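These notes concern the structure reproduced below.
The values are calculated or read from the model by the stated rules, or taken from the named source; none is laboratory data. The structure displayed is predicted, hence computed values, not measured ones. Virtual Cβ from ideal backbone geometry, glycine too; neighbours counted across all protein chains shown. Side chains are part of the model used for accessible areas, which takes the heavy atoms of the whole protein and leaves out ligands, DNA and RNA. Shrake-Rupley method; radii C 1.70, N 1.55, O 1.52, S 1.80 Å.
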Amino acid sequence: MNRLPWNAGNPPTSQSNGTLELRRAIARLYPGADEENVLVTNGSSEANFVSVWSLVAPDDEVALMLPNYMQIWGAARGFGGRIRPFHLKPELGWQPDLDELRRAVTPQTQLIAVCNPNNPTGAVLEPAAMDAIIAAARASGAWLLCDEVYQGAERDGVTTRSFWGQYEKTIIVNGLSKAYALPGLRIGWIIAPKEQIARSWMHHDYLTIGPGIVSDQLACLALADGNREAILRRTRTILQKNYPIIEGWIEEHGDLFSLVPPRAGAIAYLKYHLDVNSSELAEILRRDQSVLIVPGDQFGMDHYLRIGYGPREPYLKTGLNRIDATLKALTRSRAVVT
Ligand SMILES: Cc1ncc(COP(=O)(O)O)c(C=O)c1O
């Protein structure tokens, strides 16, 4: 690793949209973008929030990919938007139902929002699905907001193609919290056409004003040549080491679980075939085992669980064993469902 890029006698000056050095380092990741296409935010959650805030007014239609990290679902509704969902389907390997997409996007659509790679399924959109989403956006004139925060955390090492550069009204959200494993820095970013960056920046000024300078400079270090690749390599090594652990654990349970293997992110989205509500199950696990999982109810999909498999091996195995103890007790008292 390089040394920190400042010394006590020469402290860097913070900037509300991110330092020039950081914005340039980010812009380099997006062909055709320069520092004026970048707004640095406090996490990618803030990037999503200011994007939605700056674009969605009461009664605007928002076509939203589901399941999803549900922030845009909540924020868009909070600003008075009307959600028109289109779904990733397990029977399509968690690809979107393209007929439903075309029905969800209308001439009134203000925003189409996708998450790719996807939270919670870990799916990566196939080129045909990306093309269909871009075509739908172009036909309606809608903005396209793409949360790509899991880009770089692919199990097979193939970096997910960004939506950037294919449609003029595209907004990319990304940050250091997931693939870079640096969530504590609270550094995210928006890449967008300059007029949309200006709109987001104005809203950002009402919210947190700017990123902290220490995080800004550490982000420069993380994105420096060599460091960036080393960080992403570490992430992929963890995924490749841990995925077989959770995969083996699922197999040990025979028909209890179904899983479309995630392609990216340290999250597995399992369907379970037991007659217990997912929020109830999550609460039993929290209360009795001190294990936290996300119930499918949070994504509007009962009988699913999202389990993170990123922790260190002993911690992960302990968590899975504790889930086993609860499942063993439940399978004695609850019916198996398909
Ligand atoms: C898809 C997605 N986007 C954004 C976020 C927010 O992350 P952060 O604000 O830490 O960058 C998360 C966090 O789980 C996420 O899963």
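For region 85-118, the candidate set comprises residues that are of a type in the set (S, T, N, Q) and closer than 11 Å to V62 by Cα; within that set, the residue that is most open to solvent (accessible area, probe 1.4 Å) is Q108. For first residues located in region 325-338 and free of Cβ contacts under 8 Å to residues at least 60 places away in the same chain, partners that are of a type in the set (S, T, N, Q) and lie 6+ apart or on another chain with Cβ distances below 8 Å form the pairs A325/Q289; T326/Q289.
Return yes when W189 is at negative phi, open to solvent by 20 Å² or more (accessible area, probe 1.4 Å), of a type in the set (F, W, Y) and in contact (Cβ under 8 Å) with a residue 24 or more places away in the chain and no when it is not. Reasoning before the result, please.
Values: at negative phi: yes; open to solvent by 20 Å² or more (accessible area, probe 1.4 Å): no; of a type in the set (F, W, Y): yes; in contact (Cβ under 8 Å) with a residue 24 or more places away in the chain: yes.
The answer is no for W189.
Here the condition is being in the same structural domain as N118 (by TED's automatic domain parsing), in contact with a strand residue (DSSP E or B) (Cβ under 9 Å, 6 or more places away or on another chain) and either farther than 16 Å from I112 by Cβ or open to solvent by 40 Å² or more (accessible area, probe 1.4 Å) (or both); of S51, S44, it holds for S44 alone. The numbered conditions (1) touching a helix residue (DSSP H, G or I) at 6+ places or on another chain (Cβ under 7 Å); (2) more than 16 Å from the ligand (Cβ to nearest atom); (3) hydrophobic (A, V, I, L, M, F, W, C) are all true for L111 except (2). The residues of region 147-197 that are within 9 Å of the ligand (Cβ to nearest atom) and polar (S, T, N, Q), listed by number, are N174, S177.
Evaluation of G122 against the conditions (1) closer than 19 Å to I231 by Cα; (2) small (G, A, S); (3) within 14 Å of the ligand (Cβ to nearest atom) shows that the sole unmet condition is (1).
Each row is one residue, and each column tells you yes or no for (1) within 16 Å of the ligand (Cβ to nearest atom); (2) basic (K, R); (3) in the same structural domain as V294 (by TED's automatic domain parsing); (4) at pLDDT 95 or above.
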position: N2; (1), (2), (3), (4): no, no, no, no
position: D34; (1), (2), (3), (4): no, no, no, yes
position: L98; (1), (2), (3), (4): no, no, no, yes
position: C115; (1), (2), (3), (4): yes, no, no, yes
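For region 198-212, what are the residues that are under 26 Å from N10 (Cα atoms), open to solvent by less than 50 Å² (accessible area, probe 1.4 Å) and more than 13 Å from the ligand (Cβ to nearest atom)? Those that are under 26 Å from N10 (Cα atoms), open to solvent by less than 50 Å² (accessible area, probe 1.4 Å) and more than 13 Å from the ligand (Cβ to nearest atom): G210, G212.
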